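The values are calculated or read from the model by the stated rules, or taken from the named source; none is laboratory data. Just so you know, these numbers come straight off a predicted model, no measurement behind them. Neighbour counts are summed over all protein chains in view; Cβ atoms, including those assigned to glycine, are modelled from backbone coordinates with ideal geometry. The protein model used for the area step is the full one, side chains on, heavy atoms only, and it has no ligands, DNA or RNA in it. Shrake-Rupley method; radii C 1.70, N 1.55, O 1.52, S 1.80 Å.
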Amino acid sequence: MSEPAISVQNLSRSFGKLEAVKEVSFDVAAGSVCGFIGANGAGKTTTMRIIASLDYPNAGCVKVGGHDVVNSPVKVRSLIGWMPDHFGNYANVTVLEYLDFYARALGYRGKDRQMRVQEVMEFADLLPLSDRFSNKLSKGMTQRLGLGRSLLHDPEVLIMDEPAAGLDPKARVELKHLIRILAEEGKTIFISSHILSELGEMCDHLLFMNDGRLVHQGDAESLRVHGKQAGLSLYRVHLIGSSDQLSNWAAVNPNVEYLETLKQGGRIQIDSADPEKAAYILARMIQDGLKVNEFHREERNLEDAFIDLLESTNQATHGAPMTPPPLPINS
Ligand code: ATP
């Protein structure tokens, strides 16, 4: 098996008493797109900064392309493109001047530099913005400039910290399109977000962080399976009558949780994955006078599945159910 592009073993990092990352281990396969998911403060940026050789671990070993980030930071930096969540732009510097400056700092000279800057501008659709001031761009344009900058030295591994945050839907689609092209070129992409549904679609592998720990890894489907293993299932219930009838009924039935009101009923969760139990619950609803005209099992969406995962992790850690941190879905 070939060497992982990124290898993180027992990584820990504290800031004073705060343990931001706690004994985290994972590998990112070369040529894969790996999503790094967690709520605010989960420890994603801290982990990514250490992988990018911008911070030191307190414990553990982190390698990029087989090179240790602490012992060989210069080699590691030649292999990675780092796109931070925020980066400063300079006043009165155009997009072209900005990229030209970084290309010069990376050692490109003369015609090579011009060609490389042109290639990157073409890829990131920056040619029409060539003469615009780099600190006066929209959020989407700024992200494309950041992407362009991180690609100048044609790195094998791209580390992107929340690149889609704050983008409008069109800019997100454009960014996803660029990431897909880079993945097709064979680059390894390690990308963080709290927008689960977006990463679910585009990633080969997902890593889930909560409170400094890696709580799950796998593809999007594995997260849903985790919910099933936890013994939960979701049903959409349509009924003739008001949704209140369903929520009132669920409130007095211990195996059922009312999740959401829909146009003609609601969505409920049953504390079992067994279809026999669902059939029994349907029969009970009808017996109790609810006029059910549709009872349909649904796949858990990724956000719900992630919240279940956090709840079960918190229960395992603290011994009692806790409210999971709010997870901004589309911001
Ligand atoms: P977000 O999505 O909000 O960026 P995150 O998952 O990237 O969150 P981190 O930025 O890694 O989380 O932060 C993890 C924890 O470490 C947070 O509690 C944060 O306040 C803390 N932290 C991060 N950097 C520092 C620092 N330099 N000094 C002190 N505390 C820090």
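Miscellaneous remarks
- The overall shape of region 233-298, judged from the alpha-carbon gyration tensor, is rounded, with an a/c ratio under 1.5.
- Charge dipole (Cα centre; +1 on Lys/Arg Cβ, -1 on Asp/Glu Cβ; no other charges) of the chain amounts to roughly 780 debye.
- Among residues other than K44 with Cβ under 11 Å from its Cβ, the summed charge is -2 (Lys and Arg +1, Asp and Glu -1).
- In this structure, the amide hydrogen of D85, modeled 1.01 Å from its nitrogen in the peptide plane, lies closer than 5 angstrom to those of D161, counting only residues at least 5 positions away or on a different chain.
- Under Karplus coefficients 6.51, -1.76 and 1.60, residue-wise ³J(HN,Hα) of region 105-117 in Hz, glycine/proline x: 5, 7, x, 6, 10, x, 4, 4, 5, 4, 5, 5, 5
- Per-residue ³J(HN,Hα) for region 216-222, Karplus 6.51 cos²θ - 1.76 cosθ + 1.60, θ = phi - 60°, Hz, x for Gly and Pro: 6, 9, x, 8, 4, 4, 4
- Using alpha-carbon coordinates, inclination of helix 302-318 to the longest axis of the chain, degrees: 80
- FRET efficiency for the A30 to H296 pair, using the beta carbon distance and R₀ = 51 Å, is estimated at 0.75.
- Calculated from backbone phi, Karplus (6.51, -1.76, 1.60) coupling profile of region 134-147 in Hz, x at Gly/Pro: 5, 9, 10, 9, 5, 4, x, 5, 4, 5, 5, 5, x, 5
- Hull-based mean projected area of region 81-173, where the convex hull spans the alpha carbons, in square nanometres: 5.8
- Amide H partners (placed H, <5 Å) of I6, local residues excluded: V28, G65
- Where region 1-146 is the region considered: accessible area per residue in Å², 1.4 Å probe: 51
- Trypsin sites (Lys or Arg not before Pro) within region 1-66: DSSP coil, no more than 15 neighbouring Cβ in 10 Å: K17
- Surface share of carbon and sulfur [accessible, 1.4 angstrom probe, percent] for the chain: 51
- Rounded tilt (10° steps) of 169-184 against the dominant C-alpha axis of the chain: 70
- Virtual spin-label span in nm between Q114 and D154, 7 Å along Cα→Cβ: 1.9
- Region 182-283: trypsin sites (Lys or Arg not before Pro) falling in loop per DSSP and having at most 14 other Cβ within 10 Å: K263
- Built amide H within the under 5 Å cut-off of G38, gap 5+: S193, M209
- Surface exposure of region 233-298, expressed per residue as accessible area with a 1.4 Å probe, stands at 56 Å².
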